[in-house]
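Each value in this text was obtained by applying a stated rule to the coordinates, not by laboratory testing. Values in this document were obtained by computation on a predicted structure and should not be read as measured data. Backbone-built Cβ (ideal geometry, glycine too); neighbour counts: all protein chains shown.
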Amino acid sequence: MSEKTMNLTLYVWRQANAKAPGKMERYEAKGISPDMSFLEMLDVTNEQLIKQGIEPIVFDHDCREGICGMCSQVINGVPHGPEELVTVCQLHMRRFNDGDTIFIEPWRSKAFPIEKDLMVDRGAFDRIMQAYGYTSITCGGAPDANDHPIPKWQLDRAMDAAECIGCGACVAACPNASGMLFTAAKVAHLNMLPQGKPEGARRVKAMIAAHDLEGFGNCTNHYECEAACPKGVKTAFISYLNKELIKALPKGAQD
Amino acid sequence: MSMLKSSVGRKLTMAVTGAILVLFILGHVLGNMSIFVGPEGINAYAVHLRDLGPLLWVVRLVMLVVFVLHVWFGIQLTLENRAARPVDYQQKKNLVTTFAAKTMIVSGLVLLAFVIYHVLHFTLHVGVDNVDQLAKAYMGEHFDVYTMVVTGFGKAINVLVYVAAMILLFFHVSHGFQSFLQTLGLSNECVQPKYQAVGKFLALVVSIGFISIPVLIMVGIVKL
Amino acid sequence: MKLVNPANKRKYKILMVGTGLGGGAGAATLGELGYNVECFCYQDSARRAHSIAAQGGINAAKAYPNDGDSIRRLFYDTIKGGDFRAREADVWRLSQVSNNIIDQCVAQGVPFARDYAGYLVNRSFGGAQVSRTFYARGQTGQQLLIGAYQSLSRQVKAGKVKIHNRREMLDLVVVDGHAKGITCRNLITGEIESHWGDAVVLATGGYVNVFYLSTNAMGSSVTANWKAAKKGAFFANPCYTQIHPTCIPVTGDHQSKLTLMSESLRNDGRVWVPKKAGDKRPANEIPEDERDYYLETKYPSFGNLVPRDVASRNAKLQADAGKGVGASGYAVNLDFRDAIKRDGEKAIRERYGNLFQMYEKIVDEDAYKVPMRIYPAPHYCMGGLWVDYELQSNVPGLFVLGEANFSVHGANRLGASALMQGLSDGYFVIPYTIGPYLASTTPGAVTTDHDAFKESKAQVEANIEKLRNIKGNKTPFEFHRELGKIMWDNVGMARSEESLKKALTEIPKLREEFWQNLKCVGNDKEVNQQLENAGRVADFLEFAEVLAFDALNRKESCGGHFRVESQTEEGEALRDDENYAYVAAWEYKGEGKAPELHKEPLKFENIHLAQRSYK
């Protein structure tokens, strides 16, 4: 609860729409309290811009408690900024100092076209999910929830993968703009559970194929995605994904 | 089989071909060590290899296919990866990736050039002095590999090229080894750092092994 | 109940607005049945609806722990927790399908917590004496939503569901008294689009952002519901809002959002304030005998674990008496010192580690060393559009699911019941109850060619023009903040005739200023978040008045609605079952006119009404 405020220099990517060229613009953010979240700092800056007759910065945000996966900013070269295991909305300004210069850019990837300023279109992730990110269970026919005991370790492992919030920081961080960590987390979550096993081979093939179609780069094991992931999803799941594909390769007839 | 053309399929191909190349390199470096036994060592080793006859050609052919696949996919994947981010960041800070990982395409392409140079030099004997003399120099009927190598590394430029290439090989293999295990699905967060350490160690052993030959020749410990 | 022939289902088109637990599950299930479904959400992906933020868990009467739970008990707890202001039949059905929800979710791959043998485990939650809450770490909501979103994705692939993301519904199209479509804005291109459907389903969540600061997502609004209300749908019990007691307090005017921390913290934390008003010493310097553990003194048997509404109200009383802590004075201490002394820091860390970590990230204080500061925050609304047992509103063809309707929580919702309701409505109610309505209509009878769509579109466009052309000086944020202050101060945790009347004079004044002094910059044919906010605030400014009206009309206290005039001698909520055992459904009568009240009497045939007591 400190009383002092900060003044910051922001360089923000401004781009009118998907087709327009963009560039970095310089703004001053004045009177920023260290208790503000990064997004609140942008709110305040936007209010200041509006009063100056400048169009406010567009950025995606919604729940502001780190779970919806909407916020998507690369801050000083790191997706979701300098603090580990948080999303932009949970990053607080006390991580910065008075007089700092902050660079704010959108996720950059061919598969995530920029809609405006810092807002990108992550429909590619939805399409990967539509490829086979589900179990083919129809509502109403489910057996009792305790019919398939799932050992705790196995469940915990699947849950580790299921923590993914689909924000896309992995793509933003990857030197190749690959979406492999997301794809792997989704495949692992389901393939590791008995409910997902029967369709495991079909799932892994379909989801990798969908990933490739979207124009993501290929995974070359830089592990930057893991370092940027606000939920700590591990690249071990990519290894698991690879293994699932190897296991699925001989099952050509199932395609 | 279409999955082999997918990103992960090609990554698997890179891993498997890479592993075969590493095995080849391991055999190669072990064979090369016979030079320290003296002329009999490496020349006998060379004769032994030639005696394999058609099998040698099978191995050569397999290695060629493996090598071409590795290079071809390596270039293709890199081009795709570059295209995946058409507009680059103004500021980008990488947190964990290594110099080796970031420079795979550079080290790879240089090694490609080096391999061509190396095959031309020591296999096809381009630029080797007195090839005709050497041809029957060992036991009157075999090529004298020892003399060729030692005289070859008498030239500082050759030593420089070989040492430089082997330093790049160190980087290439140090990323490649753990990458191979990760790609084959044999990794998890406990063993991943160990793989990285083992990869570095292996790469170091191989490159020191290779580098030791020109260096020891240059300083005169191994001589004619 | 009439059914739609399977071969005929493909001839019908249903519009689903919202893709949270209710909407996502509903759209997926309707798609499975064979209907054509078109889905709308304002987020960039259906997976991001605010259901995702629920932490605690989901209730079901599985009775796995063998602790005497049953459908009947879940039913009773829910009715009682709602302070006897919900419809019995709806709650009974909810309790019945609660078990199917768990089965369905597990089959989808929702990773509910399990024990070493592989069986599901439960935790306890407020308002129940059994363990019936299923959970997935601290993110049950996200896991359930992903389950629904997976099913939805499957239907998208099957071609049965089409998702229109980044669309905001701005009007309901009613043709001959039936809901036949919506008008929405494409938030990327700014295009105003018309969509027709044989029925319209709203699953658009709650409205507590009317208080400006709440635990809801920034985009949560009353807009879709309010537009439907303006087209004739009744708004039921808008005054039933839930204020959650354990949230991180406000730090300044810049605050945009409040963060909830699981109320499980009250199991070990002791709530206190300094005995002396205005005592601003750091918490650890205040000696034991100068601390007032007011919940423990006042409610010796429940102590710190009194229900949400009681805990919230008492925190406000302390702050109002000048005993609040922190820079703003709007906070109370939640102290773990004694628990740490008793059980050791390790035990506390195991129980609440993630919450302490979250607290530290936001507040930058170590709650193992100094007490947490907490304060209540608006969290959920029990009120919503009026629906019958089939979840159909009074406008035929308009169905409402989840938090957007009013049906099962009465005047107060129990923890872990919101997820249950959303999924129940989506998976197990709407697929059955929409059939009879559809069976009585001709599929595709009305499409966007109808004049009603053109009129609606013109009206929406005119409204946007109006917002953009005010060219005043105050941003939507500023108006929203002012409205929130009026609502929080006068229609918040404790409401009186005086405060409500004050609100009812201040809201129209602010609304008038809004339409004269709004500054809404940017173009309308592109992404324009200012315009989106302006529209939402405009609707809140109208809706807030109905909320206050309802609160003024209900001269009793019940659940989340506390009228200071109606309390027991101990200061507890005092119901008036004789005069207020009814659902208040408000009909919009036009701007500046008082809404008209329709009463649906509540009959309790299986439950005996009793005064809640937590002493």
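Structure summary
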{"item": "Distant-in-sequence amide H partners of C:Asn405 (H built 1.01 Å from N, under 5 Å)", "result": "C:Leu385"}
{"item": "Chain C: equivalent-ellipsoid semi-axes (sqrt of 5 x gyration tensor eigenvalues, Cα, Å)", "result": "38, 29, 23"}
{"item": "Percent RCO, i.e. relative contact order, over the stretch C:455-601, from Cα pairs under 8 Å lying at least 6 residues apart", "result": "22"}
{"item": "Peptide C:150-158, shielding by other chains (average Cβ, 10 Å cutoff)", "result": "6"}
{"item": "Dipole of chain B [Lys/Arg +1, Asp/Glu -1 at C-beta], most positive-end residue of B:Gly185, B:Met166, B:Phe122", "result": "B:Gly185"}
{"item": "Nearest 10 degrees, 0 to 90: helix A:180-191 Cα axis against chain A principal axis", "result": "40"}
{"item": "Descending Cα extents along the principal axes, the protein assembly as shown, whole Å", "result": "120, 74, 64"}
{"item": "Per-peptide average of other Cβ atoms within 10 Å, ordering C:374-387, C:497-510 highest first", "result": "C:374-387, C:497-510"}
{"item": "Lys, Arg +1 and Asp, Glu -1 on Cβ, resulting dipole of the protein assembly as shown about Cα centre, debye, nearest 20", "result": "1820"}
{"item": "Test item: Cα-centred dipole of the stretch C:244-377, Lys/Arg +1 and Asp/Glu -1 on Cβ, debye", "result": "180"}
{"item": "Ranking of C:Ile58, C:Ile163 by count of other Cβ atoms within 10 Å, fewest first", "result": "C:Ile163, C:Ile58"}
{"item": "Sorted by Cβ neighbour density within 10 Å, fewest at the top, the residues C:Tyr582, C:Tyr212, C:Tyr299", "result": "C:Tyr582, C:Tyr299, C:Tyr212"}
{"item": "Helical segments meeting 27 Å axial Cα length and Kyte-Doolittle 0.0 threshold in chain C (DSSP H)", "result": "C:529-553"}
{"item": "Leading residue at positive end of dipole, chain B (Cβ point charges), from B:Thr151, B:Leu52, B:Val8", "result": "B:Val8"}
{"item": "Residue among A:Ile102, A:Ile114, A:Ile54 with the largest mean-square fluctuation in a Gaussian network model of chain A, springs linking Cα atoms under 10 Å", "result": "A:Ile54"}
{"item": "26 Å Cα-Cα reach of C:Lys280 towards lysines, excluding residues that sit fewer than 8 places from it in its own chain", "result": "A:Lys4, C:Lys257, C:Lys298, C:Lys316, C:Lys323, C:Lys341, C:Lys361, C:Lys369, C:Lys485"}
{"item": "Contact order normalised by residue count of chain C, Cα under 8 Å, 6+ apart, percent", "result": "20"}
{"item": "Shielding of A:123-130 by partner chains, average beta-carbon count, 10 Å", "result": "5"}
{"item": "Furthest towards positive pole of dipole, B:Asn81, A:Gly168, B:Leu109, structure part the protein assembly as shown, Cβ charges", "result": "B:Leu109"}
{"item": "Pairwise centroid distance, computed over Cα atoms, of the stretch A:13-68 with the stretch C:79-93, Å", "result": "45"}
{"item": "Dipole magnitude of chain A, debye to nearest 20 (Cβ charges: Lys/Arg +1, Asp/Glu -1, about Cα centre)", "result": "820"}
{"item": "Hits among aspartates and glutamates - C-alpha to C-alpha of C:Lys62 under 15 Å, sequence gap 8 or more where chains match", "result": "A:Asp144, A:Asp147, C:Asp77, C:Asp103"}
{"item": "Alpha-carbon centroid distance for the pair the stretch B:175-224 / the stretch A:182-255, whole angstrom", "result": "29"}
{"item": "Efficiency of FRET between C:Leu510 and A:Glu28 - r from beta-carbon atoms, R0 25 angstrom, step 0.05", "result": "0.20"}
{"item": "Centroid-to-centroid separation of the stretch C:537-558 and the stretch C:11-71 [C-alpha atoms, Å]", "result": "28"}
{"item": "Per-residue mean of C-beta atoms belonging to partner chains within 10 Å, peptide C:527-533", "result": "4"}
{"item": "Chain C - mean residue ellipticity at 222 nm from DSSP helices (-39,500 (n - 2.57) per run, n ≥ 4, rounded to 500)", "result": "-11000 deg cm²/dmol"}
{"item": "Candidates B:Arg82, B:Arg60, B:Arg50, ranked by Gaussian network fluctuation over chain B, Cα under 10 Å, top entry", "result": "B:Arg82"}
{"item": "C:Glu565-B:Gln90 FRET efficiency (beta carbon distance; Förster radius 56 Å; 0.05 resolution)", "result": "0.35"}
{"item": "Inter-label distance for C:Asn5 and B:Phe36, nm, one decimal - labels placed 7 Å from Cα along Cα-to-Cβ", "result": "8.8"}
{"item": "Partner lysines for C:Lys13 [C-alpha distance under 30 Å; skip if fewer than 8 residues away on the same chain]", "result": "C:Lys2, C:Lys157, C:Lys160, C:Lys162, C:Lys180, C:Lys227, C:Lys230, C:Lys231, C:Lys454, C:Lys457, C:Lys525"}
